[in-house]
Amino acid sequence: MKPPTNLQSAATIRRIIQDAAGAVERARKDDPTALQEISDSTDGDPFRVLISTVLSHRTRDPMTALASSRLFARFPNVKSLAAANTRTVARLIKPVGFYNTKARTVKKISKILLAKYGGKVPENMDQLLELPSVGRKTANCVFVYGFKTPAIPVDTHVHRIFNRIGVVKTKTPEETEKELTRLADRKDWLPLNEVFVKFGQLVCRPIGPHCSDCPLNHKCNYYRTEYLPCVRKRPLRRAEKAISIQ
Ligand code: SF4
């Protein structure tokens with residue numbers, strides 16, 4: 001089913017972002033994502049944002065924040081991390097999953113940055129994508145949280161929520177990124193990831209989304225087609241059970 005046209009207007013998407021941000025604010029005020037925390041505490045150091053994003057793959061936010069702070073306390077910059085002992089790096093980042101592989105990866109990235117870019121992170125999508133373990137989501141995180149340039153990092157939360165609402169109808173995060181960058185006003189790109197990662201953790205959760213309290217439910221396709229029909233069946237099921245007991 002094609003999503004209603006009005007859901008795809010830049011103004012509606014802005015309203016969706018504002019409503020989701022309001023819900024996050026009401027649910028839990030002072031709890032930024034790991035990447036926002038790293039960006040705030042380092043004044044958006046692209047190197048630390050890049051390394052932390054690689055550490056965050058398949059890892060929960062609190063573990064990413066813990067591993068990153070332990071790693072950067074010992075190896076604060078690209079030069080020291082490139083020269084670090086891999087086992088020491090693995091021990092420091094152990095709270096994250098696949099820590100042995102990630103230890104080798106972050107060292108490799110640091111060495112490449114030193115050899116090819118004078119120790120700087122390139123502000124260029126193609127060059128970022130050449131680095132090991134860096135895909136579009138990671139590269140876009142470096143743009144948003146590091147360089148503060150407009151981009152839309154699409155992780156599982158952003159992909160799931162915009163498909164549930166019906167703004168996009170896509171199969172992969174890459175397709176969602178393409179659609180959202182086409183539909184959303186460029187000046188709304190920067191806050192989008194931060195808002196929807198938190199919204200996905202707190203409200204529109206992968207399993208058991210809080211649809212009845214959600215400020216977006218009047219716009220949401222999932223609410224209309226999945227949640228409401230399911231809720232309407234519940235009293236009927238209870239009544240059927242009562243009849244069968246009699
Ligand atoms: S109504 Fe439910 S599915 Fe739709 S955005 Fe809100 S929580 Fe997610």
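Computed from the coordinates by the stated procedures, all read-outs in this text should not be read as laboratory data. Because the structure is predicted, anything quoted here is derived from the model rather than measured. Here Cβ is always computed from backbone atoms with ideal geometry, including for glycine, and neighbour counts include all displayed protein chains.
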Item checked: Farthest positive-ward along region 45-147 dipole, Cα basis, beta-carbon charges - from 96, 127, 49 -> 96
Check: What value does region 95-241 have for Rg/Rh, both radii from Cα atoms and Rh as Kirkwood defines it?
Finding: 1.11
Check: aspartates and glutamates near residue 171 by alpha-carbon distance under 19 Å, same-chain residues fewer than 8 away left out - which ones?
Finding: 155, 179, 226
Check: What translational diffusion coefficient, in µm²/s and rounded to a whole number, does the Stokes-Einstein relation yield for region 113-200 at 25 °C and a viscosity of 0.890 mPa s, taking the hydrodynamic radius as the Kirkwood radius over Cα pairs?
Finding: 181
Notebook entry, point to check: Among 70-77, 198-205, how do they line up from the highest to the lowest mean number of other beta-carbon atoms within 10 Å?
Noted result: 198-205, 70-77
Note to self: Need the list of lysines near residue 116 for cross-linking: C-alpha distance under 16 angstrom, and skip anything on the same chain fewer than eight residues off.
What the structure shows: 79, 107, 108
Next item on the list: Starting from the Cα of residue 117, step 7 Å along the direction of its Cβ; do the same at residue 186; then give the gap between the two resulting points in nm.
Entry: 2.2
Margin query: How big is the chain along each principal axis, measuring the range of its Cα positions in Å and listing the largest first?
Written below: 74, 43, 31
Item checked: Relative intensity, log₁₀ I(q)/I(0), of region 45-147 from a Debye sum that treats every alpha carbon as a point, q = 0.14, 0.17 Å⁻¹ -> -0.44, -0.67
Next item on the list: Before rounding to the nearest 500, sum -39500 (n - 2.57) across all DSSP H runs of length at least 4 in the chain and divide by the residue total; then give [θ] at 222 nm in deg cm²/dmol.
Entry: -18000 deg cm²/dmol
Next item on the list: Let me know the charge dipole size of region 45-147 about its Cα centre in debye, to the nearest 20, where only the beta-carbon of Lys, Arg (+1) and Asp, Glu (-1) is charged.
Entry: 500
Notebook entry, point to check: Which helices of the chain meet both criteria: a Cα extent of 18 Å or more along the helical axis and a mean Kyte-Doolittle score no lower than 0.0, with helices taken as whole DSSP H segments?
Noted result: 10-27, 61-74, 189-202
